[in-house]
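Okay, structure first, notes after.
The values are calculated or read from the model by the stated rules, or taken from the named source; none is laboratory data. Since the model is a prediction, treat every value here as computed from it, not as a measurement. A quick note on method: Cβ atoms are made from the backbone with ideal geometry, for glycine too, and the neighbour counts reach across all protein chains shown. Please note that ligands, DNA and RNA were not included when accessible areas were found on the heavy atoms of the full protein model with its side chains. Shrake-Rupley method; radii C 1.70, N 1.55, O 1.52, S 1.80 Å.
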Amino acid sequence: MTSSRAPALISRERSILEFNRRVLAQARRKDVPLLERLRYICIVSSNMDEFFEVRFADALEAARLTDELDDDEDLARAVVEAHALIDEQYRVFNEEVMPALAAERIVIVNHADRTEAQRQWVSQFFHREVQPLLMPLGLDPAHPFPQVANKSLNFIAQLAGADAFGRENSIAIIKVPRVLPRIIRLPDRLTDGHQAFVMLTSVIRAHLAELFPGRQVLAFSQFRVTRDSDLDVDEDDVTNLRQALRSELTTRHYGREIRLEVVNTCPPELAQFLLNQFDLPPAALYRVNGPVNLVRMNTLIDLAVAPKLRFAPHEPTWPTTQLPRGRRVMDCMAERDILLHQPFESFDPVVKFLREAVEDPKVLAIKQTIYRTGTESVLMELLIEAARRGKEVLAVVELKARFDEEANINWAERLERVGVQVVYGIVGLKTHAKLLLATRKEGRHMVRYAHLSTGNYNSKTARLYTDLGFLTTDPEITADADAVFRHLASLNPLDRTKRLLVAPFDLQSTLVELMQKVAGAARAGRPARIVAKFNALTDPVLIGALLEAGQAGAEIDLIVRGACMLPPGVPGLSERIRVRSVVGRFLEHTRVLYFRWGESERDEALYLSSADWMTRNMLRRIEIAWPVRDAALRQRVIDECLVPYLHDGRDAWVLESDGRYRRAGEDGLSAQQALVARHG
């Protein structure tokens, strides 16, 4: 990719913020149930927390290391756009969603609006449940500013008058314990037919003066600080990664400060005092019109009783055509490859497959990668049972799965205690591939049964994320999967694989070769087509190959849920490339890659993958992609995972060449709704 033929790429930070604008747009849609609209607001808050904790923190560090902190235009623009996005989020919360909920008799009652009976109840709640856990800290040389944990709720108060020793220390801090509920439902007898809630911050604010007897509270504010949450472990310099990570987890909550949130009524002098304490510039201050942590509104969603204000319940279907009820999953796998499309189809066949392998005395060995399984996992319990039954069990546990480190460490320790061989992948690389392999003795032969997936082994997220699972006994694919496990366990060189593409070895280079093949077909006047669906496109090498294929004449459609740095539709550069993003009820997580470079079926390839098109996935992770060779399954993937999304006119957004997105439509087809109906 030469600079003369390459458009300026969209910055990754801006692209992430644009994605969150699309999520926030869901909260404004009248066709989305009200409580689900509130949930989208919570999702934006959670996403923005992670943006500051991880991506923005990394960008700041990179700018500091290159002495470009003051000259980084992309970083400065990201700050401006982050402020604008958060301001818009609170406008939607205050002016659209909460008034609409009030019309449905679901309200948050502020102190000024409470009846006398409600105030008495709140007072009793404060004195019984809250005050015993609060410890106001007056600041002086013997009481320095306290350590404030990442994303914790705190109050700052400015006081008049002298303390118990006659000194005029005017600033106090109150740290609010995480164990206290942030949203409290008022008893129905006090609410006149409403579902009424009070916020913990309002409860504390109403009784703040009681925490400082004999003094006057002149001013106060909630505040919250967001910190860099990356764990800093030098894998080359530790003897036990699990122990090192567990030790590092204790300091995660106190990383470098990145963002400070206060309420918009916070006096300037208090805000500046906090900025000075955290050594943050003015641009890092975010004044918000409401709670400093909207993620906590999830509690209201959970407590509210209003079925009509939620999405209709969705129950994934059992794939009876592929797996007739009453038949063993492994018997069906031995006859044909099986494709599972979650959450439209159930994740239960994967659990059933593993349970069969555990209970089958002819299954001698089970191997599985573990990235995000959650704190409760039937799959992990089955691996433990397999070890207890004397099977050889290998678990490749990715301890560095961000924000899941503690859960994975706990699972690793439990697995080790029952004799599972636990390894933590390769130093310097994350194991992101999703593989489950059972080896069964059948006569004189060993037959391998495998499950490969675009998503995690997590039964909960399998009901919320779109993913593809692939069950197979294909001897080449399963042998390749076994080679990956041997590589991860032994650290020996990876055997040459026949069907799997494996990062960081040949995944990126093979994708480039496939795109070059498509480009060559376009130059020769043959059919040339690329359709790819993944979560992010930020890798310059793959972007360059896409641009080359497009400039050669190939037609390219990309379905990219999140960050996309490639600007489509630039005349003479990317005019044959189209990019769309689908944001709907379910989180789009499927990775599907289709390439065509001629007339016949031999001139096309379709891969499923665990990897997004990011440099980290291609060069710093163990990832896989595998071909779908069965013609019927290949057509099914195209019909379910590509075509509906290319024609989505309700949940889709189209990326413009300037980096902004426009809605594809509001009244057309929803790919997700069509798939629910198809599998219903």
Looking at the range 620-639, which of its residues are closer than 30 Å to Thr321 by Cβ, part of a loop (DSSP other than H, G, I, E, B), out of contact with any Asp or Glu (no Cβ under 6 Å at 6 or more places or on another chain) and open to solvent by 60 Å² or more (accessible area, probe 1.4 Å)? Arg629
Cβ-Cβ distance below 7 Å, separation of 6 or more or different chains: which pairs start in the range 163-187 with a residue that is polar (S, T, N, Q) and end on one that is open to solvent by less than 50 Å² (accessible area, probe 1.4 Å)? Asn169/Gly138; Asn169/Leu139; Asn169/Asp140; Asn169/Asp163; Ser170/Gln158; Ser170/Leu159
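Condition check: outside any helix (DSSP H, G or I), surrounded by fewer than 20 Cβ atoms within 10 Å (Cβ to Cβ), touching a helix residue (DSSP H, G or I) at 6+ places or on another chain (Cβ under 7 Å) and not aromatic (Phe, Trp, Tyr). Does Gly598 satisfy that? Outline the logic, then answer.
On the way: outside any helix (DSSP H, G or I): yes; surrounded by fewer than 20 Cβ atoms within 10 Å (Cβ to Cβ): yes; touching a helix residue (DSSP H, G or I) at 6+ places or on another chain (Cβ under 7 Å): yes; not aromatic (Phe, Trp, Tyr): yes.
In short, yes.
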Arg372: of a type in the set (Lys, Arg) and assigned to a loop (DSSP other than H, G, I, E, B), yes or no? yes
Filter result (open to solvent by 20 Å² or more (accessible area, probe 1.4 Å) and of a type in the set (Phe, Trp, Tyr)) within the range 273-306: Phe273
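Just to be sure I understand, how many residues within the range 68-106 are out of contact with any helix residue (DSSP H, G or I) (no Cβ under 7 Å at 6 or more places or on another chain), outside any helix (DSSP H, G or I) and surrounded by 15 or more Cβ atoms within 10 Å (Cβ to Cβ)? Show your work before the answer.
First, the residues of the range 68-106 that are out of contact with any helix residue (DSSP H, G or I) (no Cβ under 7 Å at 6 or more places or on another chain): 68, 70-71, 73, 76, 80, 83-84, 87, 90-91, 94-96, 98-99, 102-103, 105-106.
Imposing the further condition that a residue be outside any helix (DSSP H, G or I) reduces the set to 68, 70-71, 105-106.
Then keep just the ones that are surrounded by 15 or more Cβ atoms within 10 Å (Cβ to Cβ); that gives 106.
The total comes to 1.
State whether the residues of the range 490-499 include one that is of a type in the set (Gly, Ala, Ser) and either within 27 Å of the chain's Cα centre (by Cα) or buried (at least 22 other Cβ atoms within 10 Å of the Cβ) (or both). Quick ask: steps written out before the conclusion?
To start, the set of residues in the range 490-499 that are of a type in the set (Gly, Ala, Ser) comprises 490.
After this cut, where a residue has to be either within 27 Å of the chain's Cα centre (by Cα) or buried (at least 22 other Cβ atoms within 10 Å of the Cβ) (or both) as well, the list is none.
No, there is no match, as no residue in the range 490-499 is of a type in the set (Gly, Ala, Ser) and either within 27 Å of the chain's Cα centre (by Cα) or buried (at least 22 other Cβ atoms within 10 Å of the Cβ) (or both).
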Here the residues within the range 602-619 that are open to solvent by 20 Å² or more (accessible area, probe 1.4 Å), at pLDDT 95 or above and not in a strand (DSSP E or B) are Asp603, Thr615, Arg616, Leu619
Name the residues in the range 420-429 that are modelled with pLDDT of 95 or more and open to solvent by 20 Å² or more (accessible area, probe 1.4 Å), would you? Gln421
Which listed residue, of Thr461, Thr478, Thr497, Thr431, is in contact (Cβ under 8 Å) with a residue 40 or more places away in the chain and within 23 Å of Met333 (Cβ to Cβ): Thr478
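Name the residue, out of Asp506, Asp480, Asp557, that is surrounded by 23 or more Cβ atoms within 10 Å (Cβ to Cβ), of a type in the set (D, E, K, R) and under 31 Å from the mean Cα position of the chain (by Cα).
Values: Asp506 fails: surrounded by 23 or more Cβ atoms within 10 Å (Cβ to Cβ); Asp557 fails: surrounded by 23 or more Cβ atoms within 10 Å (Cβ to Cβ).
Checking each option against the conditions leaves just Asp480.
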Going through the range 242-300 one residue at a time, which ones are closer than 20 Å to Glu88 by Cα, assigned to a helix (DSSP H, G or I), hydrophobic (A, V, I, L, M, F, W, C) and in contact with a strand residue (DSSP E or B) (Cβ under 9 Å, 6 or more places away or on another chain)? Ala284, Leu294, Met297
Of the residues Asp140, Asp113, which single one is surrounded by fewer than 16 Cβ atoms within 10 Å (Cβ to Cβ) and either among the aliphatic types (A, V, I, L, M) or in contact (Cβ under 8 Å) with a residue 12 or more places away in the chain (or both)? Asp140
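Condition first: of a type in the set (Lys, Arg) and part of a helix (DSSP H, G or I). Now tell me which residues in the range 1-58 satisfy that. Give the derivation first.
Residues of the range 1-58 that are of a type in the set (Lys, Arg), as a first pass: 5, 12, 14, 21-22, 28-30, 37, 39, 55.
Passing the criteria: Arg5, Arg12, Arg14, Arg21, Arg22, Arg37, Arg39, Arg55.
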Among the residues of the range 348-356, are any open to solvent by 10 Å² or more (accessible area, probe 1.4 Å) and touching a strand residue (DSSP E or B) at 6+ places or on another chain (Cβ under 9 Å)? yes
Step by step: first the residues of the range 655-678, then only those that are touching a residue at least 40 places away in the same chain (Cβ under 8 Å) and either open to solvent by less than 30 Å² (accessible area, probe 1.4 Å) or among the hydroxyl-bearing types (Ser, Thr, Tyr) (or both), then the one that is nearest to His341 (Cα to Cα). Which residue is that? Leu675
If I ask for residues that are touching a helix residue (DSSP H, G or I) at 6+ places or on another chain (Cβ under 9 Å), surrounded by fewer than 15 Cβ atoms within 10 Å (Cβ to Cβ) and assigned to a helix (DSSP H, G or I), which ones from the range 382-413 would you list? Glu406, Glu413
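Of all residues in the range 143-162, count the ones that are open to solvent by 30 Å² or more (accessible area, probe 1.4 Å) and either among the basic types (Lys, Arg) or over 22 Å from Pro291 (Cβ atoms) (or both).
7
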Out of everything in the range 307-346 that is among the aliphatic types (A, V, I, L, M) and surrounded by fewer than 18 Cβ atoms within 10 Å (Cβ to Cβ), what residue ends up being nearest to Lys30 (Cα to Cα)? Ala312
If the Cβ limit is 6 Å and pairs must be 6+ apart or interchain, which residue in the range 445-457 that is more than 16 Å from Glu623 (Cβ to Cβ) pairs with which residue that is open to solvent by 10 Å² or more (accessible area, probe 1.4 Å)? Met446/Thr439; Val447/Arg440; Arg448/Thr439; Tyr449/Thr473
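So that you can scan it fast, the table gives a plain yes or no per residue for (1) within 17 Å of Ala611 (Cβ to Cβ); (2) not in a loop (DSSP other than H, G, I, E, B):
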residue	(1), (2)
Met446	no, yes
Ala462	no, yes
Leu468	yes, yes
Ile477	yes, yes
Ala489	no, yes
Arg496	no, no
Which of the residues that make up the range 21-56 are under 25 Å from Ile258 (Cα atoms), crowded, with 20+ Cβ neighbours inside 10 Å and in contact with an Asp or Glu (Cβ under 9 Å, 6 or more places away or on another chain)? Leu24, Phe51, Phe52, Glu53, Phe56
Only one of (1) open to solvent by 50 Å² or more (accessible area, probe 1.4 Å); (2) within 24 Å of Ile426 (Cα to Cα) does not apply to Leu379, and that is (1)
Would you check if Val427 is more than 27 Å from Glu640 (Cα to Cα), part of a strand (DSSP E or B), touching a helix residue (DSSP H, G or I) at 6+ places or on another chain (Cβ under 8 Å) and not small (Gly, Ala, Ser)? no
Filter the range 5-20 down to the residues that are surrounded by fewer than 19 Cβ atoms within 10 Å (Cβ to Cβ) and out of contact with any Ser or Thr (no Cβ under 8 Å at 6 or more places or on another chain) and list them by number. Arg5, Ala6, Ala8, Leu9, Arg14
